[in-house]
Each structure stands twice: as structure tokens, then as C-alpha cells.
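In what follows, a structure is listed as C-alpha cells, so that the remarks can point back to it.
The values are calculated or read from the model by the stated rules, or taken from the named source; none is laboratory data. The shown structure was predicted, so the numbers you read here are calculated from the model rather than taken from an experiment. As a convention, Cβ positions derive from the backbone with ideal geometry for all residues, glycine included, and neighbour counts pool all protein chains shown.
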Amino acid sequence: MTIVANKTEPIIYELSAPGREGAALPECDVPLTPLPKNTRQDLDLPEVSEVDVVRHFTRLSQKNYCVDLGIYPLGSCTMKYNPKINEEAVKLPGFTTVHPYQDVDDVQGALQLMYELQTMLGEICGLPGVTLQPAAGAQGELAGILIIHAYHKARGETHRKKVLVPDSAHGTNPATSSMSGYQVVQVKSDARGNVDLDELRKLANEETVGLMITNPNTLGLFEEHIREVCQVIHDVGGLVYGDGANLNALVGIVKPGDLGIDILHSNLHKTFSVPHGGGGPGAGAVMVRKDLAQFLPGPIVVKKGKRYEFAMPRKSIGRVKSFYGNFLALVRAYVYVRTIGKENLARVAEDSVINANYLLARLKEVYYAPFGNRVCKHEFVLNGTPFVEKYGVRTLDIAKRIQDYGFYPPTIYFPLTVPECLMIEPTETQSKESLDEFADALLQIAEEARTNPDVLKNAPHTAPVTRLDEVKAAREPVLRYKRQ
Ligand SMILES: Cc1ncc(COP(=O)(O)O)c(C=O)c1O
């Protein structure tokens, strides 16, 4: 591959020329009054023409990599293509102009949408109680743990203090448990990447609040003994919280409720194609088994005859967000399910799994795949340690180099249980050609690591900025241009 040297493009201040303007105003026909202090004239603004401004912002917009440009293989984040019909729907005035204080009789359509989305999610997950309030997966987890707390309290079992969390769970699972005031007890995985059942049996007891399990787990593996795992927890009176952020691998095929999961969140901004990234508004709907619905955060939408209303569940843990959740995110998720059709959702899961396994098969001879002997679900992990040992090349270098090939890098150094980890999730929205382009690039990079490791260590070569002090960039970002 030809390495294109970094080309520094002009910053708008560098295009500035005294007196150049973007607008020609008519001759002033009123007396001139000096502007008050600290207005535009005192600011150090660039003096540029309209075309300079347009080119500047167009250039900036093109620096942004996005799902509309190519594969975004960020494992555990399900960066799937976001269908444009979702955006058409959210632009409908009936959705954009509703106000949360409007009388429910004036917004029956919006409530109907929420009610139908609740029903669809309940059916998809096999857990009929649904709240759409949480704004993110992690907030759904908090709501879930608070529901578990309310459940034990209602049974007078306040002595329970420990939440079991497998070491293959997402980091938000132990974080949520400990934020809720519980002790986190880690459960080890076995050699096949499943929860170690013997260890789980030893740890589960009358102090157990429940288990928080990510399935498929962060290794991209389906928990092979999920029913037994749930049984162990139920036998000691605990509840099982399923982290459903990876529902993309199961949707339409497996109902988590049928596996023994009692409570589950789904990141609608992953499985159900709501755009995310950059901290935008998400939606972390929570689904529960029937007897737990009384504890759900509310208000939720109920139907009385032909009329939709908001209602607070009888023993609700309260609100976890103002009003009714991120409504337009819910509209997008609803449109996604309706356009695909509930009966076709299984194709989403099948294709996401096929795509991940195809990539794994193409890469596992060259990159070390610690669980390459198993069929993965929607994502898989690679261990970059052999590259460190043989060529002094780290996973970070591989991830930086992939940018020179025009791709967004995979998730790296997560999960923590896999050293030098690369975590790849292609999603179902990639064609075979785009999977091949990505695999070819990674294989070429592996060859470069062998023959010319420095090209990786100094990558990226095509980005406006190359290696940053990433901690400093996050903690002390310099967001303002300063003239020299
Ligand atoms: C497995 C898993 N669980 C939970 C979360 C948290 O979801 P959110 O980022 O919406 O809070 C994520 C997000 O990356 C995840 O991948």
C-alpha cells in the first residue's frame, strides 16, 4: 500500500486576509453607532470569504469516519448501518412537535407508538413487562438492579448483599452493582469461555442478590450453560440480570426470557439501529418477567379500551429519567422493527453471526484467536501478544495502521481478560466484499508487522494528527485554535 504523507490542510485562521468578508451588505442608511465593547470586532475572528467558510466546514465534515462511509468494526458497540427511513420518520411533524406536557388525548399516536414498541420488545425478549424510560444501556442496568433490590425488599430479604458477575461481563455490570451499594463477586470463566459452573455453585448462596450476565459475553461467545447458570441463581433465591447489549446475535431467534433471564436491557441504539456514538441520545429499554413488572420505572404506556394512557407501575422504583425516555430514539427503533418485520428479525441475528464467523475464519490463521475453536456470535476477540513477542508491534499499532487503509479500528484492549485484545464486530450490514476488504487489510498489516514493523509503530500516516498523548488529549483537550 502506498503511504500518503500527512498533508496539513489550512485552518480557517490561516486563510484569513484583512478586510475579506463573506457577505456584501448594502450601504448603511442610518447613523453609525459604535458597537459595545466585547462584541465581534474585539474577537480574534478570521476574515474569510463565503467559499472559504464552506470549504473549511466541508473539509472538516469529511474527516469524520462514520457508518455511512464504511465498516465500523467496533466490538461491543454494534455500529450497524442506520436506515435512512428512520430519519424520515422522526422528521414527521407529529413526532418533532409533541411536548411532554401535552394532554394525552392530543398525543394518542405517540403513545400508541410507545405502547406497540413496549409490546414488540416484550415479545422479542420473552419478558412482557417493559419500560422505555432509561436513556442508555448502563442506565437500564441501574434500573434493573434497583428492581432486583425492590423485589428482595418486598420479600423481606434485605440481608442479600452480593451480586455475582462473570469476568467476561461488560464493565458496566460490576460498576452498576457497586454503584447500587452491593458487593461485586467475580465469577471466573472456564477454558471454553463460559461461566465456570463449579465456581458459580460455590459462590451462590443466601447472600446472593443475583447475577449480572452479558450473553453473548464480551468474548463474543454464547453462554453454553445459560439455563444451568440461571437455575443455580434461582435455587438460592437470586434473580438473573441479562445485559442485552449483545442482543443483535440473538434477536428473533432466542428469547432471553426463555433461557431463565429475569430482567434484561436492550440498547435500542445498537440492536435496533438508533444512531449512537459521540454521547448522543440513546435508549436502554428494560424488559422483565411478569411478576416484576410492578417494580418497573415509569411512567409506562397502558391501553384502556381504545385509549392509551401513562401509568406508574404499582410498586415502581420511580422515574429514572425525566418524562418518557428519549422519544425520537424510540421512534427510530419502532420504525426499524416495523420495516424489517418481526418475523424477519432472525435474519439480522443470522447475518451478524455469519459475518463475524466469516471474518474470524479469514483472520484466525494469522492473528491468534483464543476462542477460534468455537463458533462465535456477532463478534470475536483476537489476542495480539504474538505480534508483541515476535515483532515488537502492539495491538495499538495495528489499530493505528488500519486507519491508513481507510477503516475505523476495532475495539482494542477490551475485554481485559484477553491480553493485547482486538475485538471485532462487523454487524450484519456489511457485504462480503466489504468484509473481504477489511480482512485483506488486516492480513496485509500482519505481513507489514513481519517485514516493516516501523510502518505500524509510526502509523497512522494519513491522518491530520498521528500519535497523540491519548490521556492528555482526553483530560486536557485543546479545543481552541490559538494564533501563533
Ligand atoms: C455489553 C455492553 N453492556 C452495556 C453497555 C453500556 O451501554 P450504554 O453505552 O448504552 O450505556 C455496553 C456499551 O458499550 C455494552 O457493550
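Before moving on, here are some points about what is shown:
- If you go through the range 422-436 and keep only what is in contact (Cβ under 8 Å) with a residue 60 or more places away in the chain and assigned to a helix (DSSP H, G or I), you end up with LYS432, SER434, LEU435, ASP436.
- Here the range 250-271 is the region considered, the condition is being hydrophobic (A, V, I, L, M, F, W, C) and within 12 Å of the ligand (Cβ to nearest atom), and the residue that is surrounded by the fewest Cβ atoms within 10 Å (Cβ to Cβ) is LEU264.
- Single unsatisfied condition, SER177 versus (1) buried (at least 24 other Cβ atoms within 10 Å of the Cβ); (2) at positive phi: (2)
- Listed conditions (1) surrounded by fewer than 17 Cβ atoms within 10 Å (Cβ to Cβ); (2) assigned by TED's automatic domain parsing to the domain that holds ARG362; (3) among the β-branched types (Val, Ile, Thr) are all met by VAL455, apart from (1).
- Pairs, first without any contact (Cβ under 8 Å) to a residue 24 or more places away in the chain and within 17 Å of GLU141 (Cα to Cα) in the range 308-334, second surrounded by 14 or more Cβ atoms within 10 Å (Cβ to Cβ) and among the aromatic types (Phe, Trp, Tyr), C-beta under 7 Å, six or more apart: SER316/PHE295
Listed here are the residues, each with its yes/no results for (1) in the same structural domain as ASP291 (by TED's automatic domain parsing); (2) in contact (Cβ under 8 Å) with a residue 24 or more places away in the chain; (3) over 15 Å from VAL240 (Cβ atoms); (4) in contact with a strand residue (DSSP E or B) (Cβ under 7 Å, 6 or more places away or on another chain).
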position: GLU116; (1), (2), (3), (4): yes, yes, yes, no
position: LEU132; (1), (2), (3), (4): yes, yes, yes, yes
position: ALA135; (1), (2), (3), (4): yes, yes, yes, yes
position: ALA143; (1), (2), (3), (4): yes, yes, yes, yes
position: VAL185; (1), (2), (3), (4): yes, no, no, yes
position: LYS188; (1), (2), (3), (4): yes, no, yes, no
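- Flag for VAL232 being assigned by TED's automatic domain parsing to the domain that holds ASP196, more than 12 Å from the ligand (Cβ to nearest atom) and under 20 Å from LYS161 (Cα atoms): yes
- Taking (1) more than 16 Å from the ligand (Cβ to nearest atom); (2) under 18 Å from LEU330 (Cα atoms) in turn, GLY282 satisfies each apart from (1).
- From ASN64, ASN82, ASN86, residue being of a type outside the set (Asp, Glu) and without any contact (Cβ under 8 Å) to a residue 24 or more places away in the chain: ASN64
- Matching option when the condition is of a type outside the set (A, V, I, L, M) and more than 21 Å from PRO73 (Cβ to Cβ), among GLY282, GLY277, GLY305: GLY305
- Checked against the criteria, GLU470 does not count as of a type in the set (D, E, K, R) and surrounded by 12 or more Cβ atoms within 10 Å (Cβ to Cβ).
- For GLY372, the conditions (1) more than 16 Å from the ligand (Cβ to nearest atom); (2) in the same structural domain as ASP190 (by TED's automatic domain parsing) are fulfilled apart from (2).
- Of all the criteria given as (1) closer than 30 Å to ILE11 by Cα; (2) among the acidic types (Asp, Glu); (3) assigned to a helix (DSSP H, G or I), the one not satisfied by GLU116 is (1).
- Any hit, the range 153-172, residues being of a type in the set (Ser, Thr, Tyr) and under 30 Å from PRO419 (Cα atoms): yes
- The requirement of being outside the structural domain of GLU350 (by TED's automatic domain parsing) and surrounded by fewer than 20 Cβ atoms within 10 Å (Cβ to Cβ) is satisfied by GLU476.
- Looking only at residues of the range 235-283 that are β-branched (Val, Ile, Thr) and either part of a loop (DSSP other than H, G, I, E, B) or within 20 Å of the chain's Cα centre (by Cα) (or both), we find that the one that is farthest from VAL165 (Cα to Cα) is VAL274.
- Residue ID - modelled with the lowest pLDDT, chosen from residues in the range 412-423 that are β-branched (Val, Ile, Thr) and under 10 Å from LEU219 (Cα atoms): THR417
- Residue count for the range 219-229 under the criterion of being within 16 Å of the ligand (Cβ to nearest atom) and surrounded by fewer than 24 Cβ atoms within 10 Å (Cβ to Cβ): the result is 4.
- Only listed residue being buried (at least 24 other Cβ atoms within 10 Å of the Cβ) and either outside the structural domain of GLY238 (by TED's automatic domain parsing) or among the hydrophobic types (A, V, I, L, M, F, W, C) (or both), chosen from MET212, MET120: MET212
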